[in-house]
Structures are given as C-alpha cells and as structure tokens.
Amino acid sequence: MDNALYYLSIREASQLLRRREISSVELTRAVLERVRQVEPAIQAYNAVTEEVALEQARRADQRLASEDAGPLTGIPMQIKDNMCTKGIATTCSSRMLESFVPVYDATVTRRLSDAGAVLVGKGNMDEFAMGSSTENSALRKTHNPWDTTRVPGGSSGGPAAAVAAGECLFALGSDTGGSIRQPAALCGIVGLKPTYGLVSRFGLVAFASSLDQIGPMTRTVEDCALVLNAIAGHDPLDSTSIPHQVPDYTSALRADLRGVRLGVPREYFGEGIDPQVEATIQQAIARMEELGATIVRDVSLPHTRHALAVYYIIAPSECSANLARYDGVKYGYSHAEAGSMWEAMEKTRQHGFGPEVKRRIMLGTYALSAGYYDAYYLKAQKVRTIITREFQDAFQRVDTLVTPTSPTVAFRLGEKTEDPVQMYMSDICTIPVNIAGLPGIAVPCGFLDGLPVGMQIIGKHLGEETLLRVAYAYQQSTDWHQQHPPLV
Ligand code: GLN
C-alpha cells in the first residue's frame, strides 16, 4: 500500500509521468479510487470533480508527450473551498455560498491549471476559514486520518487530511492565523504560509485581508517548493501582491545546515505548550544542530503574549467589513420569505451564517464602532507594529526561528467546540507570524501515541529560500514524512 501511486511525492510522480512509465489518467484514476475508498471515513472533500479531473489528466498526457510539460503537469490536487474555481462551486463550507458558482478562476487556480495540475476537487474547511478544527464547516466534519475520532485541525482541515490520506498529491490551503500550518502539523504533512503578498489573493474569498495568504500543503518539503514555484509571483489583480522576482525555490535545497543560525524564542516554549510536544521539538532542534546549524537560545519576543488579543481584534474587524457583502442580493443564499428589504437581509444573514461567523462579525463590528475604535482597533494596530519590529530585531541575529506549530497534538472531535477561547489557543504559535506578515512552515518532526507533531520554522520577510532549505535538510535526515496513517 505504501508504494501506491497515490502516495507518490510530486517529484516521484512527475519523473514517472515524464518517462511515460505512468500516465496522468492512470494516476488520477488511482487517486479517485483512493478517494472513494477512504472518503466515507475522512470527509475531506466538499466536491469531487471527477469529470474535470479526467479531462485535465487527458490533456496533461498530451502535454507530457510533447516537450511542454512542467513538474506539476498531470499531478492530482485538491483546492480549499474558498478559492474560486470557474464553473465549480466555491462554498467556503457555508450555507451562504452553498450554491455559489464563480464565473472566474482565482489566480492560483489559473496558475496551477496553466501548469497542468489536475483538479480532483474542493477541500472542506471551517466556515469562511474561521476555526481551528474544521468543525465549523456547515457541510461536513472532516476526520483526522491518523485517528478518525480526532480533528484534522483547521481551517484547512480538508486539504490537510486529503494530503495525509493519499486523496491527492498536494493541496492549496489558506492561512490567516495558522490555517495551513496547524492542520498540516496535526495531520503530519508539510504546510507553508508564504510571506504576505508573495502569492496572489485574487479570487480567494476574503476573511481578514491584511492577514490572509495562500500556500502549499504537501507531503515533502521539495514538493512544497515545487508548488510555490507555480503559485508565487506578482499579480496586477491583487494590489497587495509584491513585485518580487521569484527564484526557483528548489535550487536552494541542500542536505546540510552549515552556516545557518537558528533562533529558539523562549516565549514559544513552556506555559501553554504540551511538555511532550515541546520535548519533540527540542529533539528536532538537536538534530538540526547535528546537521551543522548554530542554535541561538537567548532569543526573546516578549510581545508574543499579546498576539492572540491583537489577532482577535484585527481579524474580526476586517471580517466584519469583508462579510458585509453577503446580503442575499448579489449572490449566494437569499432568504425568500421576507416582507421588506431589511427583513430579507436580516433573515439571509441569520440563516446563511453559522455561529462562529456571527461571533466574529459581532466582535469586529463592536471593535470598529465609534467610541471603541481607538481603544481596540487602533491599539491593536500599534501592538501589531511592535510585534513586527520584535521579529525584525530577532532576524538581525538569526536566519530562522524554530517553534512548535500547535501547542498540542490533534484533539478529539467535539472537545473544544463549546469553548471558543480554548479553540483560539490552538493558534498561539502561528498567529504572530501572520501579524508580522512573515513566512512560516510546518514540518513533521515526530509522533506522540501515533499522532503527528509538527515544528514551525519562521523566516524573514521573503526568506522562503532559507526557510525551505532548513526544512528540507531536516526532513532529509528523518523519515516522519514517509509514514502513512493506518487507513484501509
Ligand atoms: N484559527 C484561526 C481563526 O479561527 C485562524 C484561521 C485561519 O488561519 N484562517 O481565525
């Protein structure tokens, strides 16, 4: 089973495809069969686009026969259900958008289809990407492939579970406060949140626009670099997109860490972090030292403890503005039985949004209202600047920082649904990275009682090459990523 086609890395599959030892149609059928086999237990997909996939696979095979193929040509993927796919429903796992079919592709969707990737379907998520367990999806509950009584993390729980279970070779997630990295860690895969502005957000349904970023979810670091190559780069359709000359991210990958300074920020260890998770991260740090890295242990980022509070002002504020567009008039759900325009709008939002989304809209509306704006929103923006500067100072001394990704391993379904603040704590290690707009990657670094643990490596602004180099060198010296969940 472990040498099944659906568990090939992108690199391996692409070599077989280019040597014509397998066809994309064959690979895609193997993945679709895997989806049929495990989906009843995992539920990672909101929609499986079988016909589109087989058609794209056929076209990929034609390209592979000519010279015009790249490393993603013919590779089956899943896209999180908040990125627009022309002609294919994009629901955000919300009743509000259940019937929304975009008339255009997100830039990432277009770039991947131009690269010849094959769309297997759309990934389940927390409604509008608000959550850390995918339990806020209005459509289904995704289960962690390593233990189906547990959550896959969130909000990109569908993509993370799909990659871990062999239901695609890679996926795209989005990360506003940890939604790529935390589920990647909980499902034992690699997840990268790029520097804010490196990947276009055009066609990504907005949650908190100053924090949202799209990134790859893969089984290996090398695959992560390959996907980043395809999606990164300036896009005139996104005004926050950085006009940056994108390198070939695979060319920075090497097996050792000589000359690399790794900082271990003390605020990310100790209180709030499961001691066994911490011990696992410390072992990974020791391994990186053996690989030649210099470990710098007296790094401090004291304002980290305010990051969660800052996030829960800024993210809801932006969300309350972004989600004002769902009024039942232009698109999406519309409540039919209403006497007046105002009543129609009220009922549409009452029935279209789930409880977490409503909580965020109310928090944000409150924080932005006259009389509270200065005390909450403005203050949060000031602390945001302090947190950003602290990272900049730390990066004067080190090349990357190493921390846990999630304070615990995957928790049980239902364990935190009654307590939003407990749920919010899942992201204490990942949120500061979004606040500062920096790149961060989650890499598998061990197991506790059969459940994966992921470390987080944080890089400088546009420091993806170093980040991937560190993650790659570590991964090459371990075999965590070669283990697969105990499914059928
Ligand atoms: N869990 C965080 C939240 O609920 C982050 C979500 C995300 O990154 N999209 O907002």
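The values are calculated or read from the model by the stated rules, or taken from the named source; none is laboratory data. Owing to the predicted nature of the structure, the values given are computational and were not obtained by experimental measurement. Positions of Cβ are generated from backbone atoms using ideal geometry, with glycine treated the same way; all protein chains shown enter the neighbour counts. In case anyone asks, the SASA skips ligands and DNA or RNA and just uses the protein heavy atoms, side chains included. Shrake-Rupley method; radii C 1.70, N 1.55, O 1.52, S 1.80 Å.
Data overview
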read-out	value
Qualifying position, being open to solvent by 20 Å² or more (accessible area, probe 1.4 Å), more than 16 Å from the ligand (Cβ to nearest atom) and not β-branched (Val, Ile, Thr), among Ala309, Ala344	Ala344
Test: residue in segment 270-277 that is outside any strand (DSSP E or B), without any contact (Cβ under 8 Å) to a residue 12 or more places away in the chain and of a type in the set (Asp, Glu)	yes
Search result, residues across segment 150-187 that are among the charged types (D, E, K, R), more than 13 Å from the ligand (Cβ to nearest atom) and not in a strand (DSSP E or B)	Glu167
Cβ-Cβ under 7 Å pairs, at least 6 apart or on other chains, segment 195-223 side over 16 Å from Ala129 (Cβ atoms) and polar (S, T, N, Q), far side assigned to a strand (DSSP E or B) and open to solvent by less than 10 Å² (accessible area, probe 1.4 Å)	Thr218/Phe170; Thr218/Val190; Thr220/Val190
Tally of residues being buried (at least 18 other Cβ atoms within 10 Å of the Cβ) and part of a helix (DSSP H, G or I) across segment 348-367	10
Those residues of segment 322-341 which are open to solvent by 60 Å² or more (accessible area, probe 1.4 Å) and part of a loop (DSSP other than H, G, I, E, B), in sequence order	Val329, Lys330, Tyr331, Tyr333, Ser334, Ala336, Glu337, Gly339
Qualifying positions in segment 4-34 - open to solvent by less than 50 Å² (accessible area, probe 1.4 Å) and part of a loop (DSSP other than H, G, I, E, B)	Ala4, Leu8, Ser9, Ile22, Ser23
Among residues of segment 369-417, those that are more than 25 Å from Gln276 (Cβ to Cβ), outside any helix (DSSP H, G or I) and not β-branched (Val, Ile, Thr), counted	6
Pick from segment 286-306, criterion among the charged types (D, E, K, R) and either under 27 Å from the mean Cα position of the chain (by Cα) or surrounded by 20 or more Cβ atoms within 10 Å (Cβ to Cβ) (or both), ranking: nearest to Tyr268 (Cα to Cα)	Arg305
Unique residue being without any contact (Cβ under 8 Å) to a residue 60 or more places away in the chain, of a type in the set (Asp, Glu), in contact with a Gly (Cβ under 9 Å, 6 or more places away or on another chain) and open to solvent by less than 30 Å² (accessible area, probe 1.4 Å) when the list is Asp61, Asp81	Asp61
